[in-house]
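> Please see the structure below; I have some questions.
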Amino acid sequence: MTAADGQGERDGIAVFGEAARDAQRAATTELMARLPDEALAQGAAMIAHHLLEDLLDEVAEHEPEPMKTACTEGCAWCCYLGYASISVPEAVAIADHLRDDLDEEMRTRIEARVDASIEAAEGLGPEARWRAREPCAFLDVDRGRCRVYEVRPLRCRGWNSLDADACEQSYRRRDDAVDVPSNRLRFVLGANTEEGQALAFGDTGRDARRGEMAQAVRLALDEPELAARWGRGEAVFDGILTDDDLV
C-alpha cells in the first residue's frame, strides 16, 4: 500500500464516521422533538444503540478477514480501564435495566460493586485510575462477561481489538507501551455516533456532559426523576466527575 492509498483509506473512514455522526445527530434531534421529557433519555439511548449496531453489523458483513475483531465472549481485558464515562441517557438505560430486568439478588450485588468502584477511585486522577486498572463495576470478573451487555455504552460497542494477546499484555504491564491493533472503522463509527448524540443534546438544550460511569449510574439509581429532569434541560451531572473535569 502506498502512502497515498493509506491516506485515502483514512479519509474514507473519516467520511463514514462523519456520516454516522450527522445521521445520529439528526435522528436524535427528531426523536427528542416527539417524546415527552420523561421518555427522552431512554429513547435517545435506544436509538443510538440501534443505529450503531446496524452500522457495525454492516461492517461485519463486508470487512476482510484480517480486520475481523479478536473480541469474544469471556475476553474482558478492555473492561479494566480504570475510567469510563457515559452520557445521561446511557446512565438512565443502565439504571432502568438493573431495576427492571435483573432479579433483586443480582441487582444488589451489582449496586454493591458500583459503590465499591466509586470508593476505590475517590481522589484518584486519570493517570492513577489507569494504573490501578480496576474492573468495570458491571463486569462479571469470574466469567469475563458484561452484566449490562444489552445496554452497554456506545463507547464499549465501538471499542475493539484485532489481537487479544496484545490486550492482555497491555493490562498486565499497566502502561500504554503495548500497541493494540484495532479495526479503526468500528472505533470511528462508535466515537462519531457518540459525538452526534452529544451534538443533538447540545442543540436541544440538554446536558451533554459525560459522567464517570459508576457515579453516573449510582445517580440514576438514586434519583428516579433524573430522566425527567434531564429532559426538562436541567444540568443533572452537576456534582459528579465528568470528562470536563479532566481537561
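What follows is calculated from the coordinates using simple rules that are stated; it is not laboratory data. The shown structure was predicted, so the numbers you read here are calculated from the model rather than taken from an experiment. Neighbour counts run over all protein chains shown; Cβ positions are idealised from the backbone, glycine included.
> Can you give the extra length, in nm with one decimal, that the chain gains between Tyr149 and Ala39 once fully stretched, where that is 0.36 nm per residue apart less the Cα-Cα distance? Spell out each step's value before the answer.
Details: separation 110, 0.36 × 110 = 39.60 nm, distance 2.13 nm.
In short, 37.5 nm is gained.
> At 0.36 nm per residue, minus the direct Cα-Cα distance, what do Lys68 and Glu105 gain on full extension? Give it in nm, one decimal, please.
Extra length available between Lys68 and Glu105 comes to 9.6 nm.
> How much net charge surrounds Thr193 when only other residues with a Cβ under 14 Å from its Cβ are counted (Lys, Arg +1; Asp, Glu -1)? Write out the running numbers ahead of the final one.
Details: positive: Arg21, Arg25, Arg152, Arg155, Arg157, Arg186, Arg210; negative: Glu18, Asp22, Glu53, Asp54, Asp57, Glu58, Glu90, Glu194, Glu195.
With Lys, Arg at +1 and Asp, Glu at -1, the neighbours total -2.
> Further, regarding this structure: Based on the mean of other beta carbon atoms within 10 Å per residue, what is the order of 223-236, 77-90, 153-166, most packed first? Write out the running numbers ahead of the final one.
Details: 223-236: 18.1, 77-90: 22.8, 153-166: 19.8.
In decreasing order of mean packing, 223-236, 77-90, 153-166 become 77-90, 153-166, 223-236.
> Give, in nm to one decimal, the length gained when the segment between Glu225 and Met46 is fully stretched (0.36 nm per residue of separation minus the Cα-Cα distance).
62.6 nm is the gain from fully extending Glu225 to Met46.
> Starting with the highest mean, order 55-67, 93-105 by the number of other Cβ atoms within 10 Å, averaged over the residues of each peptide.
Numbers: 55-67: 12.3, 93-105: 16.2.
Top of the packing list down: 93-105, 55-67.
> Let me ask something additional. Using a 7 Å offset from Cα along Cα-Cβ at Glu61, what residues in the range 148-171 end up with backbone N under 17 Å from the label point?
No residue qualifies, since no backbone N sits under 17 Å from the label point.
> Please report, in Å, the Rg and the Dmax of the chain, where both are computed over Cα atoms only.
18.2, 57
> Report the FRET efficiency, 1/(1 + (r/R0)^6), for Ala164 and Leu124, where r is their Cβ-Cβ distance and R0 is 22 Å, rounded to 0.05. Provide the component values of the computation, followed by the final result.
On the way: r = 27 Å, r/R0 = 1.25.
The value I calculate is 0.20.
> Now, a different point. Mind putting a number on the dipole of the range 102-163 about its Cα centre? Charges go on the C-beta only, +1 for Lys and Arg and -1 for Asp and Glu, and I need it in Debye to the nearest 20. Can you show the working numbers first?
Values: 12 positive and 13 negative charges, 69 e Å.
The calculation lands at about 340 debye.
> Work out which helices of the chain, taken as complete DSSP H runs, extend at least 27 Å along their axis over the Cα atoms and score a mean Kyte-Doolittle of 0.5 or more, then list them. Write down the numbers at each step before the final one.
On the way: long enough: 3-32 (43 Å, -0.43); 37-62 (39 Å, 0.09); 184-203 (28 Å, -0.09).
Helix filter hits for the chain: none.
> Work from the charge dipole of the range 3-246 (Cβ charges, +1 for Lys and Arg, -1 for Asp and Glu, about the Cα centre) and give the residue of Ala164, Leu221, Phe16 farthest towards its positive end.
Ala164
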